[in-house]
Amino acid sequence: MESSLTPEQVGKKQQIEGLAMVVAVLVGGLVAVLAWMYFSRELPWLRYFGTGALALAGFFVAHVATAAVLGARARCPDCSAMFSVSQTGHEETFLSATPRRRESEVGRSLSGPNEGKRLIRKESWTEERYQVDVTRSCSACGASRTTRSNRTVKTNRVSDDIYRR
Ligand SMILES: [Zn+2]
């Protein structure tokens, strides 16, 4: 099995295993912290043992799950070669820029010269929309697929607070 992989596929496999290891270490660490707090009222040996066991379980589950998900994603839907599909292109096209504004009441002044007045927040921004094309290609059969999605960003944000009756 291993010997039939091309250098590209071996590289992809190592990349996936590396990422799965990083995720597993992070999850294991998080589980360890949570378990350590959860077992805070237990006897010391039980606290050490429980924390170690749960952290180890979290590590293995996260490793297997991440490797499985990434492995499935890297499998070519056309020729079903393993570890062959990688992102080969990422293109963003500007679609539109729309000015937006909003007014909202954020509070009320309780004292001072503006006592009793409402505090109004006036916000304005530009909503920019982009079309995102991500291309993923197979290193074994050369097939490529492009998925299209939209991305929205808020720019030129301006916020101003005023008092009003
Ligand atoms: Zn393929």
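Within region 74-85, the only residue that satisfies the criterion of being near the ligand (Cβ under 8 Å from one of its atoms) and at positive phi is Ser80. In region 113-120 there is no residue matching the filter, namely being away from the ligand (no atom under 16 Å from the Cβ), loosely packed, with under 13 Cβ neighbours inside 10 Å and modelled with pLDDT of 95 or more. Against the definition (modelled with pLDDT of 95 or more, in the same structural domain as Glu17 (by TED's automatic domain parsing), assigned to a helix (DSSP H, G or I) and away from the ligand (no atom under 16 Å from the Cβ)), how does Leu46 come out, yes or no? When the stated conditions are applied, Leu46 does not pass them.
Among the residues of region 144-165, those that are among the β-branched types (Val, Ile, Thr) and either loosely packed, with under 10 Cβ neighbours inside 10 Å or touching a residue at least 60 places away in the same chain (Cβ under 8 Å) (or both) comprise Thr147, Thr155. Looking at Ala67, is it surrounded by 14 or more Cβ atoms within 10 Å (Cβ to Cβ), part of a helix (DSSP H, G or I), more than 16 Å from the ligand (Cβ to nearest atom) and assigned by TED's automatic domain parsing to the domain that holds Gln15? So Ala67 passes the test. Leu5 falls short on exactly one of the conditions (1) closer than 30 Å to Ser159 by Cα; (2) within 16 Å of the ligand (Cβ to nearest atom), and that condition is (1). Sub-6 Å Cβ pairs linking a first residue in region 107-129 that is without any contact (Cβ under 8 Å) to a residue 12 or more places away in the chain to a second residue that is assigned to a strand (DSSP E or B) and surrounded by 13 or more Cβ atoms within 10 Å (Cβ to Cβ), at least 6 apart or interchain, are Arg108/Arg118, ordered by first then second residue. In the set Thr88, Thr152, Thr93, Thr98, only one residue is β-branched (Val, Ile, Thr) and either assigned to a loop (DSSP other than H, G, I, E, B) or within 16 Å of the ligand (Cβ to nearest atom) (or both); that residue is Thr88. Selection of region 26-56 for residues being loosely packed, with under 14 Cβ neighbours inside 10 Å and either touching a residue at least 60 places away in the same chain (Cβ under 8 Å) or of a type in the set (Val, Ile, Thr) (or both) yields only Val33.
Among the residues making up region 112-149, those that are in contact with a Phe, Trp or Tyr (Cβ under 9 Å, 6 or more places away or on another chain) and part of a strand (DSSP E or B) are Arg118, Leu119, Ile120, Glu128, Arg129, Tyr130, Gln131.
All told, Ser139 meets the bar of being closer than 28 Å to Val85 by Cβ and out of contact with any Cys (no Cβ under 7 Å at 6 or more places or on another chain).
The values are calculated or read from the model by the stated rules, or taken from the named source; none is laboratory data. Bear in mind the structure is a predicted one, so any value in this text is a computation, not a measurement. Reconstructed Cβ throughout: ideal geometry from the backbone, glycine too, with neighbour counts over all protein chains shown.
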